[in-house]
1. May I ask you to verify whether L75 is in contact with an Asp or Glu (Cβ under 7 Å, 6 or more places away or on another chain) and in contact (Cβ under 8 Å) with a residue 60 or more places away in the chain?
2. Restricting the search to the stretch 18-32, which residues are outside any helix (DSSP H, G or I) and surrounded by 16 or more Cβ atoms within 10 Å (Cβ to Cβ)?
3. Of all residues in the stretch 8-23, which are among the small types (G, A, S), over 19 Å from S77 (Cβ atoms) and in contact (Cβ under 8 Å) with a residue 40 or more places away in the chain?
Amino acid sequence: MSTTAVTALAQITAVLTQEYRAGTWLPTAHECDLAEGLAHARWSEHTVRAQLRDQPDIVTNSPLGQVFTTTVHALASPGTNAAALLTLRVLIDALAPPLAGQA
C-alpha cells in the first residue's frame with residue numbers, strides 16, 4: 001500500500017468518523033446500504049470496486065462513497081496493511097446492522 005494512499009485513507013476516514021460522532025455527518029440510507037454490503041465482506045480492491053460499481057452516482061459521490069473510492073486506490077497498491085483499514089472498519093461496523101444472531 002503506498003504511503004500516499006494510506007495517508008489519504010487515514011485522513012479522510014478520521015474526518016468522516018469525527019463528523020459522524022459529532023453528528024455533523026449522518027449517512028443516507030444509500031450510504032448505510034453500502035456500509036452493510038461491505039461490513040461483512042473480505043475487502044480487496046476488486047470487492048470494494050464491485051460494490052461501488054453497483055451503486056448510483058449519489059452514493060459514489062457521497063462522503064462514504066469517496067472514502068471507499070480512496071480505499072480502492074489504497075488496496076490497489078501492493079502490500080496492503082490491515083492496520084491501515086482498521087479505522088474504516090470501525091466506522092463501517094458502526095453504520096451497518098449486526099449479522100442475525102449477533103445483536
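1. Yes.
2. Our first condition is that a residue be outside any helix (DSSP H, G or I); within the stretch 18-32, this holds for 23-28.
W25, P27, listed by residue number.
3. Taking the stretch 8-23 first, the residues among the small types (G, A, S) are 8, 10, 14, 22-23.
Now restrict to residues that are over 19 Å from S77 (Cβ atoms): 14, 22-23.
Passing the criteria: only A14.
Residue-by-condition table, conditions (1) over 17 Å from R89 (Cβ atoms); (2) out of contact with any helix residue (DSSP H, G or I) (no Cβ under 8 Å at 6 or more places or on another chain); (3) not β-branched (V, I, T):
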position: L16; (1), (2), (3): no, no, yes
position: R21; (1), (2), (3): no, yes, yes
position: A29; (1), (2), (3): yes, yes, yes
position: A35; (1), (2), (3): no, no, yes
position: Q51; (1), (2), (3): no, no, yes
position: L64; (1), (2), (3): no, no, yes
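Bear in mind these aren't lab numbers, they're just calculated from the coordinates by the rules spelled out. Quick caveat: nothing in here was measured; it's all calculated off a predicted structure. Cβ coordinates were reconstructed from backbone atoms using ideal geometry, including for glycine residues, and neighbour counts include every protein chain displayed.
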